[in-house]
Amino acid sequence: MPGTDGVRYMQQYDEFGLKQKTAFCGFALIDSLALKTIGRAALGVTTTTVYTDTVDNPENKKFAPEYNERFKIWPDYFSDYGYVAARVIDESLKATDGDTANKDKLAEAMIKVQFNAPRGPFRFDPVTHNPIQNVYVCRGAELPGGRIGNQVLATVKDVKDPGSKQY
């Protein structure tokens with residue numbers, strides 16, 4: 001439930017006192033964009049995501065503050081998706097010397113791309129072509145400076161799609 005539906009859901013979840021009974025929400029419900037609107041209703045809510053601006057790795061320690069400085073907002077998972085997509089394209093083009101005419105060669109190069117992104121290690125499953133990446137278990141928390149954000153509680157490393165073949 002990203003967007004306004006997710007924001008209202010979280011606000012009503014808190015208003016009805018449900019947060020005290022159970023406080024786990026699905027993937028990507030609480031991102032940096034929604035947190036600005038959800039506010040304190042997000043405190044204590046646990047969720048999962050592949051990226052939040054508080055991921056503790058060298059790439060994100062550089063990416064998140066630079067993104068915030070440039071755009072005056074903390075990056076969300078869409079910011080990271082854009083970064084990763086551009087990096088995959090760049091690495092694939094480097095591997096093929098910029099040759100985009102041979103689509104099979106380009107696709108083969110893309111499957112082999114691996115790098116450390118703001119979200120953590122990134123690579124593709126050679127069978128399903130889905131990303132293999134970390135998933136973060138987070139809790140809504142008050143961060144330094146009074147900002148409401150995600151505190152990473154645990155990292156589930158190298159998560160793959162459970163599918164066994166390319167669709």
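The values are calculated or read from the model by the stated rules, or taken from the named source; none is laboratory data. No experiment lies behind these values; they were computed from the predicted model shown. Positions of Cβ are generated from backbone atoms using ideal geometry, with glycine treated the same way; all protein chains shown enter the neighbour counts.
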The stretch 81-101 - residue that is surrounded by fewer than 15 Cβ atoms within 10 Å (Cβ to Cβ) and part of a loop (DSSP other than H, G, I, E, B) and, of those, farthest from the chain's Cα centre (by Cα): ALA101
Selection count, the stretch 107-166, where residues are closer than 19 Å to GLU59 by Cα and charged (D, E, K, R): 4
Residue match in the stretch 39-57 (condition: free of Cβ contacts under 8 Å to residues at least 60 places away in the same chain and not in a helix (DSSP H, G or I)): no
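Going by the structure shown, is PHE78 modelled with pLDDT under 95, part of a helix (DSSP H, G or I), surrounded by 13 or more Cβ atoms within 10 Å (Cβ to Cβ) and not acidic (Asp, Glu)?
Yes; evaluated as a whole, the condition is true for this residue.
Would you list the strands (runs of 3 or more DSSP E) that sit entirely within the stretch 102-167 and hold 1 or more residues that are at pLDDT below 95 and either at positive phi or aromatic (Phe, Trp, Tyr) (or both)?
Working: elements: 114-117, 120-124, 131-142, 148-159.
Qualifying strands (runs of 3 or more DSSP E): 131-142.
Listed here are the residues, each with its yes/no results for (1) within 18 Å of VAL137 (Cα to Cα); (2) surrounded by 14 or more Cβ atoms within 10 Å (Cβ to Cβ); (3) of a type in the set (Val, Ile, Thr); (4) at pLDDT 90 or above.
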site	(1), (2), (3), (4)
SER32	yes, yes, no, no
LEU35	yes, yes, no, no
ALA42	yes, yes, no, no
VAL45	yes, yes, yes, no
THR54	yes, yes, yes, yes
ASN57	yes, yes, no, yes
ASN60	yes, yes, no, yes
PRO65	no, no, no, yes
GLU69	no, no, no, yes
Neighbours by Cβ (under 6 Å, 6+ apart or cross-chain): first from the stretch 58-77, farther than 20 Å from ALA34 by Cβ; second at pLDDT 95 or above and in a loop (DSSP other than H, G, I, E, B): GLU59/PRO118
Residue within the stretch 92-109 that is in contact with a strand residue (DSSP E or B) (Cβ under 9 Å, 6 or more places away or on another chain) and over 27 Å from MET10 (Cα atoms) present: no
